[in-house]
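Structure record follows, encoded as C-alpha cells.
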Amino acid sequence: MNKYIAEFIGTCTLTTLGCGTAMLVGCDAASGSGYLLTALAFGLSIVAMAYSIGNISGCHINPAVSLGVLMNGGMTTKDFIGYVISQVLGACFGAAILAAIFNGAGITDMTGGFGSNGLAGVGGNAAVGCLVEIVLTFIFVLTILGVTSDKFGHGSFGGLVIGLTLTFVHIFGIGLTGTSVNPARSIGPAIAAAIRGNTEPIGCLWVFIVAPLVGAALAAAVHKMLEKNA
C-alpha cells in the first residue's frame, strides 16, 4: 500500500506544480519563457519526487513509465494496475488543488484549461499529435529504463538524469501538444477543465492516453533488445 500512496503523492505533486506553473506563466512562443519555466517545473518535480519517494515506489508517477517497467519484468501486473489507479487519482487530486487555488483566488488561468494537453499546436491534427507524443514518450521511457537498468544504471544520479530528460522533451513538445508523455497528467487537468465547462481537452484526451502508452511499449521493446545484445 505504501507504494501506491507514494505514487499518488508523486503524481499529485507533478500535476500541481507542473500544470500549475503552466497555468500561471502560459506558453507564449514569442518569448519562450513560459516554455522554459513550465518545462523546468515538470522536470524539477520529477527530481524532487525521485529522491523522496523513489526508494518506496520507484517514482514512476506515470502510467507510461509503469507500462515500460512492466514489459521489462520490473513489476507484477497487480502492481501495475495499482500504480495506474494511484497515478490517475493523484493527478485528479492535483488538478482539484489547482482548481481550489486558482478559482478561490480569482487567478487567471493562462492556459485556459488547467494546463491540459491539446492539439492546437499541430493544427488539430490527431495523427501528428500522436506522432509527437509517441516520439517524446519513447525518448523519455527509454532514458528511464536505461538509467535504472541493473546492467547500465547510473546510481544516485538517476533522478537528476530523468528530470532533465523530462525538461528536455517538454521544451520541444509544449508548443505542439503541451507535452503529455504521461496519461495520468493529461487525465486530471482534462477532467478539471470539463467540470469548469471547457470540454475541448476531453475531446482529444484519447491521444494523450494512447500515444504515450504506445511510445512506452516501443521503448521497452527496444531497450530489452539492446540490453540483451549488449
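The values are calculated or read from the model by the stated rules, or taken from the named source; none is laboratory data. These numbers were taken from a predicted model, which means no experiment stands behind them. Cβ placement follows ideal geometry from the backbone for every residue including glycine, while neighbour counts extend to all protein chains displayed.
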Problem set entry | Residues located in the range 106-122, provided they are hydrophobic (A, V, I, L, M, F, W, C), in contact with a Ser or Thr (Cβ under 7 Å, 6 or more places away or on another chain) and assigned to a loop (DSSP other than H, G, I, E, B) | Leu119
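Only one of Thr143, Thr199 is among the hydroxyl-bearing types (Ser, Thr, Tyr) and within 19 Å of the chain's Cα centre (by Cα); which? Don't jump to the end; show me each part of the working.
On the way: Thr199 fails: within 19 Å of the chain's Cα centre (by Cα).
On inspection, the qualifying residue turns out to be Thr143.
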For this session: Among the candidates Phe93, Phe138, single out the residue that is in contact (Cβ under 8 Å) with a residue 60 or more places away in the chain, in contact with a helix residue (DSSP H, G or I) (Cβ under 9 Å, 6 or more places away or on another chain), aromatic (Phe, Trp, Tyr) and within 23 Å of Thr13 (Cβ to Cβ).
Result: Phe93
Problem set entry | Every residue from the range 102-119 that is in contact with a helix residue (DSSP H, G or I) (Cβ under 9 Å, 6 or more places away or on another chain) and of a type in the set (A, V, I, L, M) | Ile107, Met110, Leu119
For this session: Kindly indicate the residue of the range 202-218 that is small (Gly, Ala, Ser) and within 13 Å of the chain's Cα centre (by Cα) and also surrounded by the most Cβ atoms within 10 Å (Cβ to Cβ) among those meeting that condition.
Result: Ala216
Exercise. Could you count how many residues in the range 26-52 are closer than 14 Å to Thr111 by Cβ, surrounded by fewer than 19 Cβ atoms within 10 Å (Cβ to Cβ) and either modelled with pLDDT of 90 or more or in contact with a Pro (Cβ under 7 Å, 6 or more places away or on another chain) (or both)?
Worked result: 1
Problem set entry | Matching residues, the range 53-98, being crowded, with 21+ Cβ neighbours inside 10 Å, closer than 27 Å to Ala192 by Cα and among the small types (Gly, Ala, Ser) | Ser57, Ala64, Ser66, Ser86, Gly90, Ala91, Gly94, Ala95
Seminar exercise, completed: Every listed condition ((1) more than 17 Å from Gly18 (Cα to Cα); (2) at pLDDT below 90) holds for Ser57 save (2)
Exercise. How about the range 1-29: which of its residues are outside any helix (DSSP H, G or I) and either in contact (Cβ under 8 Å) with a residue 40 or more places away in the chain or charged (D, E, K, R) (or both)?
Worked result: Gly26, Cys27, Asp28, Ala29
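Please list, ordered by residue number, the helices (runs of 4 or more DSSP H) wholly in the range 30-87 having 1 or more residues that are touching a residue at least 12 places away in the same chain (Cβ under 8 Å) and farther than 24 Å from Ala211 by Cα.
33-50, 54-57
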Problem set entry | Of the criteria (1) surrounded by fewer than 23 Cβ atoms within 10 Å (Cβ to Cβ); (2) modelled with pLDDT of 95 or more, which one Ala184 fails | (1)
Problem set entry | Considering residues of the range 120-129 that are at pLDDT below 95 and of a type in the set (A, V, I, L, M, F, W, C) only, the residue farthest from Phe102 (Cα to Cα) | Val122
